[in-house]
Structure formats: structure tokens, C-alpha cells
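Before any comments, here is the structure.
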Amino acid sequence: MAVILDGKGLAKKVLVDVKSRVESAGLCPGLAVVIVGDNAASRVYVNNKKKDCAECGIKSEEFALPADAGETQLLTLIAELNARADIHGILVQLPLPDGYSEEKVIQAISPEKDVDAFHMLNVGRVLTGDYSFLPCTPAGVMELLDHYNIDPKGKHCVVVGRSNIVGKPMAMMLLHRHATVTICHSRTVDLASFTQQADILVCAVGKIEMITADMVKPGAVVIDVGIHRKESGGLCGDVNYEDVCQKASFITPVPGGVGPMTRALLMRNTLAAAVSHKAN
Ligand code: NDP
């Protein structure tokens, strides 16, 4: 039976640490959270982020635009937030409604305030290893691995999924830590033949419970990034947890694994942005 990688517990510790660093440095970090339209899931995410901010002494300011506000109005808002000295981080909740170019909006955020690390400059910095911010989800995964003394060095890590926000930066971070990395995607032929070789398997696919026990090497570390709402109620991930936890050595649960770590790392990035603003 696998050891559970307790993201919920570790995320609490990260928030406590951020709070104490905010207080001891006498900082007042500010995070602008921009939401466009009335996507119910986005509303939940935004509310959670505001709650995390309150918990660690970060001032959050919400900017809610109607879905039909238009890209120009959104870009004008971002330009105003880029110029504000009391705002250190800007987060635009994705997905945006139809009619907005997410790429254009992300690139409009000042790289110094891009606490999601989605801006091209920050993506490049992750690639070179000379970064200011790391994208929150893969950074949260690395934090979990470190906390449980799971060293990727020399291990074969298989990342399923190649999105810009999870799969690709995840692979890059594991590579920086001297893992041998394989990236799989929707055109990978015989996915199981790769996942079965993984010492550390990271699943960021977005397909409900698609990773089954027969696809996992005995004793593997299994990280499930996926989040899905089950028809029967409750949440599950990309991994068939009940079966895979019998075979893996470590596993992240859903909920309570990667999700809370993603939220916590956003707070840490906002603190880092405020510290760097103060230093400059
Ligand atoms: P994307 O949809 O952007 O990317 C999914 C990736 O999975 C793509 O690279 C796609 O390949 C690949 N894929 C799709 N089907 C298959 C398949 N059958 N076999 C192998 N690979 C496949 O998703 P994200 O990376 O944004 O998110 C992935 C999951 O993680 C989602 O469930 C999302 O909700 C969740 N998530 C959770 C977070 C958290 O904090 N826990 C944060 C962010 C996301 P291709 O490129 O070829 O299309």
C-alpha cells in the first residue's frame, strides 16, 4: 500500500511559512485577481485564492469583468495593474470566455508580476533554470517530492501531458534535478509501455482515471495532477487511485494532493514578487 503524499498538510505549512515571512519582512504583498465572465469553476478557484491570501497576510484585490467586457478593457486593466506599486502579483483566471486571446492577455502582464509564470520570459527562465517564478503546479509537485525525500536524480520520470502550464515545465524541472525524462502525449504510441518504465510518473492529462494499475511499475511514485468532478459527486484524478495505490510506493490523492500545493505556491510566488519589488 502506497504512502500518501499529503499535499493538503504540506500546503498548510507553506502558507504558515509565507505568513511568517510576510510579517518578519514587514511586507504588504498585493495580489490582483482578475476574473472575466461567470464560469462557476473559476469563481471557486478565485474565492479559494482570496482565502489563501487572507490566511497569509497578502492583500488580494478582485477585479471582475463581465464576459462581454472585451479584450481591450481587459488589457487596459492589466496595464493599470502593471503600473501600480502596491500590486506585486497579477493573476488572470483562465480559461477566458470566447473572444479573448489568452496568449495576448498573458503576455500583457509584466513578467515581474506574472506570479503564474506563464509569460514567455518566465517560461524561458524555467527552461534555462535561471528563474524568478516557477509555475505553481509543477513547483508544488517538486515541493512534495522534496518533502518526502524523493530525489529525482538518476530516476526515469515519465510525464504524461505536454501543456505549457503543467507537462512541459514539469519535465524541465525534473530535468534540472538530473532525472531522465520522457514526455508522453495524445500521439504517443503504446502509452503503457512508457508509463510502466517510470520510477516517478506524473499524470497531467485531464482524462478521468485513465492511468490504471497495469500501467504502473511496482514501487513507482505516482503524482496525479488531474482534477475531475465525478458524476456520482466528489473529485477524482487522472489515476485510478484505488487500484494504483496498491502498487505504487507513494501516491498523491485527489483531492488533497497537488491541488492545495498549487494554491500554496501561488502565495509563495506573490511573496517573492513583493520581496523582489522591495529590493529594487
Ligand atoms: P491540457 O488539456 O492543456 O493538456 C493535456 C495533455 O494531455 C496534452 O498534452 C494532451 O496531449 C495529453 N493527452 C490527452 N489525452 C491523452 C492520452 N489519451 N494519452 C496521453 N496524453 C494525452 O491540460 P492541463 O495540462 O492544463 O491539465 C491537465 C489536468 O490537470 C486537467 O485535469 C486539469 O484540470 C488538471 N490541473 C490541475 C491542477 C492542480 O492544481 N491540481 C492545475 C492545472 C491543471 P496533446 O498535447 O497531444 O493534445
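The values are calculated or read from the model by the stated rules, or taken from the named source; none is laboratory data. Everything numeric in this text was worked out from a predicted model, so none of it was measured. Cβ placement follows ideal geometry from the backbone for every residue including glycine, while neighbour counts extend to all protein chains displayed.
Inside segment 158-180, can you point out the residues that are part of a strand (DSSP E or B), more than 9 Å from the ligand (Cβ to nearest atom) and crowded, with 21+ Cβ neighbours inside 10 Å?
Within segment 158-180, V158, V159 meet the criteria.
Give the residue, chosen from A198, A204, A213, A192, that is of a type in the set (A, V, I, L, M, F, W, C) and under 30 Å from E112 (Cβ atoms).
Values: A198 fails: under 30 Å from E112 (Cβ atoms); A213 fails: under 30 Å from E112 (Cβ atoms); A192 fails: under 30 Å from E112 (Cβ atoms).
Sole residue among the options that is of a type in the set (A, V, I, L, M, F, W, C) and under 30 Å from E112 (Cβ atoms): A204.
Scan segment 218-230 and tell me whether some residue there is modelled with pLDDT under 95, of a type in the set (D, E, K, R), over 15 Å from the mean Cα position of the chain (by Cα) and within 11 Å of the ligand (Cβ to nearest atom).
yes
Among (1) polar (S, T, N, Q); (2) modelled with pLDDT of 95 or more; (3) closer than 30 Å to S110 by Cα, which single condition is T212 missing?
(3)
Have a look at K207, K155, K230 and point out the one that is charged (D, E, K, R) and closer than 29 Å to E103 by Cα.
K207
Check R187 against each of (1) farther than 18 Å from L265 by Cβ; (2) touching a Ser or Thr at 6+ places or on another chain (Cβ under 6 Å) and name the one condition it does not meet.
Failing condition for R187: (2).
In segment 78-113, what residues are touching a strand residue (DSSP E or B) at 6+ places or on another chain (Cβ under 6 Å), among the aliphatic types (A, V, I, L, M) and more than 23 Å from K278 (Cβ to Cβ)?
Within segment 78-113, V92, L96, V105 meet the criteria.
Among the residues of segment 35-62, write down those that are surrounded by fewer than 14 Cβ atoms within 10 Å (Cβ to Cβ) and over 19 Å from the mean Cα position of the chain (by Cα).
Result: D38, A40, A54.
Among the residues of segment 17-34, what is the count of those that are farther than 14 Å from V115 by Cβ and either free of Cβ contacts under 8 Å to residues at least 40 places away in the same chain or under 19 Å from the mean Cα position of the chain (by Cα) (or both)? Spell out the reasoning first.
Residues of segment 17-34 farther than 14 Å from V115 by Cβ: 17, 19-28.
Restricting the remaining residues to those that are either free of Cβ contacts under 8 Å to residues at least 40 places away in the same chain or under 19 Å from the mean Cα position of the chain (by Cα) (or both) gives 17, 19-20, 23-24, 26.
Residues flagged as farther than 14 Å from V115 by Cβ and either free of Cβ contacts under 8 Å to residues at least 40 places away in the same chain or under 19 Å from the mean Cα position of the chain (by Cα) (or both) within segment 17-34 amount to 6.
Mind checking whether some residue in segment 63-76 is touching a strand residue (DSSP E or B) at 6+ places or on another chain (Cβ under 7 Å), of a type outside the set (S, T, N, Q), at pLDDT 95 or above and assigned to a helix (DSSP H, G or I)? Break it down stepwise before answering.
Taking segment 63-76 and keeping what is touching a strand residue (DSSP E or B) at 6+ places or on another chain (Cβ under 7 Å), we get 63-65, 67, 69, 73-74.
Now narrow it down to the ones that are of a type outside the set (S, T, N, Q): 63-65, 67, 69, 74.
If we keep only those that are at pLDDT 95 or above as well, we get 63-65, 67, 69, 74.
Now drop any that are not assigned to a helix (DSSP H, G or I), which leaves 74.
Looking through segment 63-76, at least one residue is touching a strand residue (DSSP E or B) at 6+ places or on another chain (Cβ under 7 Å), of a type outside the set (S, T, N, Q), at pLDDT 95 or above and assigned to a helix (DSSP H, G or I).
List pairs: first in segment 96-109 and in contact (Cβ under 8 Å) with a residue 60 or more places away in the chain and under 17 Å from S42 (Cβ atoms), second surrounded by 12 or more Cβ atoms within 10 Å (Cβ to Cβ) and among the β-branched types (V, I, T), Cβ under 9 Å, 6+ apart or cross-chain?
Qualifying pairs under 9 Å: L96/V36; L96/V105; P97/V36; Y100/V36.
So which residues in segment 101-156 are of a type in the set (S, T, Y) and either assigned to a helix (DSSP H, G or I) or under 17 Å from the mean Cα position of the chain (by Cα) (or both), if there are any at all? So that I can check it myself, show each step before the final result.
So in segment 101-156, the residues of a type in the set (S, T, Y) come out as 101, 110, 128, 131-132, 137, 148.
Within segment 101-156, T128, Y131, S132, T137 meet the criteria.
Among the residues of segment 75-91, are any under 26 Å from D224 (Cα atoms), touching a residue at least 24 places away in the same chain (Cβ under 8 Å) and of a type outside the set (S, T, Y)?
Yes, the conditions are met somewhere in segment 75-91.
Would you check which residues across segment 185-209 are within 22 Å of the chain's Cα centre (by Cα), within 12 Å of the ligand (Cβ to nearest atom) and of a type in the set (D, E) and list them?
Once the filter is applied, which keeps residues that are within 22 Å of the chain's Cα centre (by Cα), within 12 Å of the ligand (Cβ to nearest atom) and of a type in the set (D, E), segment 185-209 yields only E209.
Please work out if S60 is modelled with pLDDT of 95 or more, hydroxyl-bearing (S, T, Y) and part of a helix (DSSP H, G or I). Can you show your working first?
Working: modelled with pLDDT of 95 or more: yes; hydroxyl-bearing (S, T, Y): yes; part of a helix (DSSP H, G or I): no.
So S60 fails the test.
Considering only segment 234-257, state which residues are part of a helix (DSSP H, G or I) and free of Cβ contacts under 8 Å to residues at least 40 places away in the same chain. Lay out the reasoning, then the answer.
Just the residues of segment 234-257 that are part of a helix (DSSP H, G or I), to begin with: 241-244.
Answer for segment 234-257, where residues must be part of a helix (DSSP H, G or I) and free of Cβ contacts under 8 Å to residues at least 40 places away in the same chain: Y241, E242, D243.
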